[in-house]
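These notes concern the structure reproduced below.
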Amino acid sequence: MRIIGGRYKRRRLKQPPSSSTRPTRDRVKETLFNMLGPIPKGRVLDAFAGSGALGIEALSRGAKAADFIEADPEAFNVLEQNLETLGLISDTQLYEVEAETMFETLEGPYDLIFLDPPYGEGRVEASLEAIVRRMLLASDGRIVALHYSLEDPLPKGDLRIYKERTIGVTGVTIYEWSG
């Protein structure tokens with residue numbers, strides 16, 4: 001797995017050895033960052049971070065700071081190593097806890113939020129509800145949700161779908177505030 005754009009372009013990232021995480025393929029990453037366009041210069045949240053590939057990509061492309069949430073100890077260790085190797089540890093906050101638990105204590109707003117939970121467990125919907133309830137997204141921010149392509153993500157409350165795309169078995173849905 002590698003960083004595909006920005007100042008760390010082509011740098012390789014370690015992957016967790018655990019079967020409990022699913023790395024985001026380069027093709028999916030490239031598509032979602034093309035869908036997003038320029039990365040906001042503010043704060044990013046990478047929930048269900050795994051190796052940290054999405055948040056690190058955002059930092060590489062100009063985000064100022066990123067918070068990472070990963071509950072799996074093996075994945076958390078790899079995430080920490082990737083950030084240290086790239087010299088990004090000082091630009092981050094790391095949380096080794098379930099994302100849904102952390103949503104209740106995080107202080108927003110975030111300009112960009114990545115949700116890449118295990119597929120088929122309803123965790124995207126639960127995460128979107130918590131993000132809206134806690135007002136964790138900036139007024140002009142976006143949420144990128146990766147999910148199983150056969151799941152039908154719907155707008156949640158005050159969120160609307162900005163863009164969506166299917167890449168193989170992965171669905172990419174980008175949300176923003178409606179209205």
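The values are calculated or read from the model by the stated rules, or taken from the named source; none is laboratory data. Predicted, not measured: the structure shown is a model, and the values here were computed from it. Here Cβ is always computed from backbone atoms with ideal geometry, including for glycine, and neighbour counts include all displayed protein chains.
Below are the figures for this structure:
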read-out: Hits in segment 107-130 - residues which are modelled with pLDDT of 95 or more and buried (at least 19 other Cβ atoms within 10 Å of the Cβ); value: Tyr110, Asp111, Leu112, Ile113, Phe114, Leu115
read-out: Hits in segment 40-80 (condition: within 22 Å of Gly171 (Cα to Cα) and touching a strand residue (DSSP E or B) at 6+ places or on another chain (Cβ under 7 Å)); value: Val44, Leu45, Asp46, Ala47, Phe48, Ala49, Gly52, Leu54, Gly55, Ala58, Phe68, Ile69
read-out: Conditions (1) surrounded by fewer than 24 Cβ atoms within 10 Å (Cβ to Cβ); (2) among the β-branched types (Val, Ile, Thr); (3) at pLDDT 95 or above; number of the one not met by Val44; value: (1)
read-out: Qualifying positions in segment 131-145 - touching a residue at least 60 places away in the same chain (Cβ under 8 Å) and surrounded by 22 or more Cβ atoms within 10 Å (Cβ to Cβ); value: Gly141, Arg142, Val144
read-out: Whichever residue in segment 25-39 is touching a strand residue (DSSP E or B) at 6+ places or on another chain (Cβ under 6 Å) and hydrophobic (A, V, I, L, M, F, W, C) and, among such residues, is surrounded by the most Cβ atoms within 10 Å (Cβ to Cβ); value: Leu32
read-out: Criterion: among the hydrophobic types (A, V, I, L, M, F, W, C), under 29 Å from Ser149 (Cβ atoms) and in a loop (DSSP other than H, G, I, E, B) - qualifying residue of Val97, Val78; value: Val97
read-out: Any chance Ser178 is more than 16 Å from Leu32 (Cα to Cα), of a type in the set (S, T, N, Q) and at pLDDT below 95; value: yes
